[in-house]
1. Which of the residues that make up the range 52-88 are closer than 19 Å to ARG113 by Cβ and among the β-branched types (Val, Ile, Thr)?
2. What is the residue count in the range 54-88 for residues that are of a type in the set (Lys, Arg) and either more than 19 Å from VAL105 (Cβ to Cβ) or under 14 Å from the mean Cα position of the chain (by Cα) (or both)?
3. Identify all residues within the range 144-163 that are surrounded by fewer than 17 Cβ atoms within 10 Å (Cβ to Cβ), among the hydroxyl-bearing types (Ser, Thr, Tyr) and at pLDDT 95 or above; write none if there are none.
4. Those residues that are small (Gly, Ala, Ser) and not in a loop (DSSP other than H, G, I, E, B), I need them from the range 150-208; list them, please.
5. Just wondering, is there one or more residues in the range 117-126 that are without any contact (Cβ under 8 Å) to a residue 60 or more places away in the chain and farther than 28 Å from SER15 by Cα?
6. Kindly provide the set of residues from the range 164-208 that are surrounded by fewer than 18 Cβ atoms within 10 Å (Cβ to Cβ), under 20 Å from GLN54 (Cβ atoms) and among the aromatic types (Phe, Trp, Tyr), ordered by number.
7. Which residue pairs have Cβ atoms closer than 7 Å, lie 6 or more positions apart in sequence or on different chains, and pair a first residue in the range 19-35 that is within 16 Å of PRO118 (Cα to Cα) with a second residue that is of a type in the set (Phe, Trp, Tyr) and at pLDDT below 95?
8. Taking GLY103, is it at positive phi and within 17 Å of the chain's Cα centre (by Cα)?
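The values are calculated or read from the model by the stated rules, or taken from the named source; none is laboratory data. From a predicted model like this one, the values you see are computed outputs, not experimental measurements. Please note: Cβ atoms are built from the backbone with ideal geometry, for glycine as well, and neighbour counts cover all protein chains shown.
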Amino acid sequence: MAVSRQIPESGRAPSLELLLAEVRACTICADALPLGPRPVLQADSAARLLIVGQAPGRRVHESGRPFTDPSGDRLRSWLGLAEAEFYDPQRVAILPMGFCYPGTVASGDLPPRPECAPAWRRPLLDRLPAIKCTVVIGQYAQRWHLPNASPTVTATVGAWRSYWPTTVPVPHPSPRNNRWLSQNPWFETEVIPRLRERVSQVLDRPGN
């Protein structure tokens, strides 16, 4: 289904504020969503750090706030961010590949709906001029943001230095990935300390 956007009378593209209102009212894949549409994202034109996830889980759908689940707890730990910083849209933008909860199968949540990124992603990114670093979580986000990356998350994350310092690929912080983390201890010993330093630098904390 095509997306109908309201163009201001000036003929200019909508501001980020107007675009976010359109996204939050989006229903283009409503028929495929088991709990109906509830786009969950966070953005402000002043944000300097961009978090790119996959799609909201059921808990996030219920809360209407990104990463209000164990994955979020781990992600904030990886980034070295308290909740107040993480949920400050003027500091951190959060744009998953799919904005609505796609449903679940036995092995976990379904992939992000394919309609979402073509409809909204580029217009939103174009309105985030202050981004200095993008944290790209999991295979679906990495395929879009790193089109020449390896087809496996392990290889892509292992090549993190190739994307540094503007982009940092990471595995999904879900508890379902505990086994991956135990099999790849280099991620937490090598990547996480550098990631925390980079986040602190990007957010211009005292001492950086």
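1. VAL52, VAL60
2. Keep residues of the range 54-88 that are of a type in the set (Lys, Arg), which gives 58-59, 65, 74, 76.
Filter once more, so that each one left must be either more than 19 Å from VAL105 (Cβ to Cβ) or under 14 Å from the mean Cα position of the chain (by Cα) (or both): 65, 74, 76.
Adding up the residues that qualify gives 3.
3. Of the range 144-163, the ones surrounded by fewer than 17 Cβ atoms within 10 Å (Cβ to Cβ) are 144, 147-148, 150-152, 154-155, 159, 161-162.
Those left that are additionally among the hydroxyl-bearing types (Ser, Thr, Tyr): 150, 152, 154, 162.
Across the range 144-163, the qualifying residues are THR152, THR154, SER162.
4. Within the range 150-208, ALA155, GLY158, SER162, SER182, SER200 meet the criteria.
5. Looking through the range 117-126, none of the residues is without any contact (Cβ under 8 Å) to a residue 60 or more places away in the chain and farther than 28 Å from SER15 by Cα.
6. If the condition is that a residue be surrounded by fewer than 18 Cβ atoms within 10 Å (Cβ to Cβ), under 20 Å from GLN54 (Cβ atoms) and among the aromatic types (Phe, Trp, Tyr), then TRP180 is the only one that fits.
7. Once the first residue is within 16 Å of PRO118 (Cα to Cα) and sits in the range 19-35, no partner that is of a type in the set (Phe, Trp, Tyr) and at pLDDT below 95 comes close enough.
8. In short, no.
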